[in-house]
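To start, the structure itself, in structure tokens.
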Amino acid sequence: MSLNTLSKQEYFETIGGRESLIAINKAFYDKIYQHPWLKQYFDKIPQSHIEIQQVDFMQKVLGGKNIYVGKAPPIAHIHINITEALFEERKKLLCEAFDETNTHPQMRQKWLDLDESFRRVLVKQSLADCVPRFKTDPILDFSEPLK
């Protein structure tokens, strides 16, 4: 049976399903929360919370059952000064997590394609492009640490 003839849910399960997403996100956020630059953006967010939120989101967009109740990425990240360098550093860590978890090639490609589709709405040209989500929300902008 070809992957092209499967339902969205069957396809999602065939390329790894929720269990794969859990493993990938655990490996990925372990890296994020240890990274000298990226960890600053998650300072007040429990790792387990962000992992499950990302699992739910990716399950939805990769064809699994939709149980995601969070914000769309452009709204969820409107207060973060995501530069090209920050976007690329995150992508590098994600690819490392894919390698470490032996992610199915089609899941990896679909995920990276989705990430790339968000680049134009997430990457800011300047700090002035950031807007607080709430009046009490700070704008998150951290300089890349010197190497």
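Here's the yes/no breakdown for (1) in contact with a His (Cβ under 6 Å, 6 or more places away or on another chain); (2) surrounded by fewer than 15 Cβ atoms within 10 Å (Cβ to Cβ); (3) hydrophobic (A, V, I, L, M, F, W, C); (4) within 18 Å of T103 (Cα to Cα):
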{"residue": "E13", "(1), (2), (3), (4)": "no, no, no, yes"}
{"residue": "K26", "(1), (2), (3), (4)": "no, no, no, yes"}
{"residue": "Y29", "(1), (2), (3), (4)": "no, no, no, yes"}
{"residue": "P36", "(1), (2), (3), (4)": "no, yes, no, no"}
{"residue": "D56", "(1), (2), (3), (4)": "no, no, no, yes"}
{"residue": "L62", "(1), (2), (3), (4)": "no, no, yes, yes"}
{"residue": "K65", "(1), (2), (3), (4)": "no, yes, no, no"}
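Of the residues making up segment 1-11, those that are assigned to a helix (DSSP H, G or I), surrounded by fewer than 15 Cβ atoms within 10 Å (Cβ to Cβ) and of a type outside the set (A, V, I, L, M) are N4, T5, K8, Q9, E10.
State yes or no: is Q106 among the polar types (S, T, N, Q) and surrounded by 12 or more Cβ atoms within 10 Å (Cβ to Cβ)? First the steps, then the outcome.
On the way: among the polar types (S, T, N, Q): yes; surrounded by 12 or more Cβ atoms within 10 Å (Cβ to Cβ): yes.
Answer is yes for this residue.
Which pairs do you get when a residue that is closer than 10 Å to P36 by Cβ, found in segment 131-147, comes within reach of a residue that is in a loop (DSSP other than H, G, I, E, B) and of a type in the set (D, E, K, R), reach meaning Cβ atoms under 8 angstrom, with the pair 6+ apart or on two chains? Final answer for the pair search is none.
Exactly one residue out of Q59, Q106 is under 24 Å from E10 (Cβ atoms), within 16 Å of the chain's Cα centre (by Cα) and in contact (Cβ under 8 Å) with a residue 40 or more places away in the chain, and it is Q59.
Taking the condition at pLDDT 95 or above, of a type outside the set (S, T, Y) and not in a helix (DSSP H, G or I), does Q34 pass?
Details: at pLDDT 95 or above: yes; of a type outside the set (S, T, Y): yes; not in a helix (DSSP H, G or I): yes.
The answer is yes for Q34.
None of W111, W37 is over 14 Å from the mean Cα position of the chain (by Cα) and of a type in the set (F, W, Y) except W37. Would you check if N25 is free of Cβ contacts under 8 Å to residues at least 12 places away in the same chain and touching a helix residue (DSSP H, G or I) at 6+ places or on another chain (Cβ under 9 Å)? No.
Please specify each residue of segment 83-108 satisfying the condition of being over 16 Å from D30 (Cα atoms) and either in contact with a Phe, Trp or Tyr (Cβ under 7 Å, 6 or more places away or on another chain) or in a loop (DSSP other than H, G, I, E, B) (or both).
Narrowing segment 83-108 to residues over 16 Å from D30 (Cα atoms): 83-88, 102-108.
The answer is T83, N102, T103, H104, R108.
Restricting to segment 38-48, name every residue that is loosely packed, with under 11 Cβ neighbours inside 10 Å and either at pLDDT 95 or above or closer than 17 Å to L146 by Cα (or both).
Step one: list which residues in segment 38-48 are loosely packed, with under 11 Cβ neighbours inside 10 Å, which gives 43-44, 46, 48.
Selection gives P46, S48.
Scanning segment 67-86 for residues that are hydrophobic (A, V, I, L, M, F, W, C) and surrounded by fewer than 16 Cβ atoms within 10 Å (Cβ to Cβ) turns up I67, V69, A72, I75, A76, A85. If you go through segment 18-34 and keep only what is under 13 Å from the mean Cα position of the chain (by Cα) and among the small types (G, A, S), you end up with just A27.
The values are calculated or read from the model by the stated rules, or taken from the named source; none is laboratory data. In this text the structure is predicted, and so the values were computed from the model without any measurement. In this analysis, Cβ positions are derived from the backbone assuming ideal geometry, glycine residues included, and neighbour counts consider all displayed protein chains.
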